[in-house]
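Read through the structure below, which is laid out as structure tokens, and then see the notes.
Coordinate-derived values only; no laboratory data. What you see is a predicted model, and the numbers here were worked out from it, not measured in a lab.
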Amino acid sequence: MEKQHRLALDEASLDIAREILHCMPLPIVGIDDEGMMVFSNPEADTLLGDGDTLLGESAAHRLPPEFIARLAEGLGGDFSWQTSAGLRIVLCRRMGSQSRSRGRLLVVMPQGTDEALMKRAAQ
């Protein structure tokens with residue numbers, strides 16, 4: 001019974017985390033080590049997928065060349081990305097420090113986003 005309760009809690013926690021990521025007002029994309037997009041929220045689908053879902057797509061075929069070059073080089077950290085709507089900052093984090101997930105998490109933010117937010121995200 002304890003194991004079933006724990007599984008139910010884990011499933012509820014996963015649902016809540018997924019809902020939070022979908023409600024975030026910033027584009028967020030998760031890419032596994034094979035280059036498959038394993039998560040995208042609606043903001044990412046709009047900005048990077050022209051409204052189509054990115055989930056299950058190859059990053060190499062759907063993301064901007066600047067993203068692919070950065071991922072191919074194995075570079076982490078943040079980088080700038082120039083769009084027709086202006087300069088954006090892309091936070092690039094390796095997944096797996098607190099889970100079994102492997103790959104990269106990308107968060108796209110408008111330039112001028114609060115510096116304190118960026119510092120917290122880097123930790």
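Here are some notes:
- For the pair residue 2 and residue 33 in one chain, pulling the backbone fully straight at 0.36 nm per residue adds 7.8 nm over the alpha carbon distance.
- Couplings 3J(HN,Hα) of the range 59-64, computed from phi: 4, 4, 8, 10, 8, x Hz, in residue order, whole Hz [Karplus 6.51 cos²θ - 1.76 cosθ + 1.60, θ = phi - 60°; x for Gly and Pro].
- Remark: the residue 78-residue 94 segment gains 4.6 nm on full extension, using 0.36 nm per residue and subtracting the alpha carbon distance.
- Taking a ≥ b ≥ c as the square roots of the Cα gyration tensor eigenvalues, the range 31-82 comes out oblate, since a/c reaches at least 1.5 and a/b does not exceed b/c.
- Extension gain from residue 68 to residue 22, taking 0.36 nm per residue of separation minus the Cα-Cα distance: 14.2 nm
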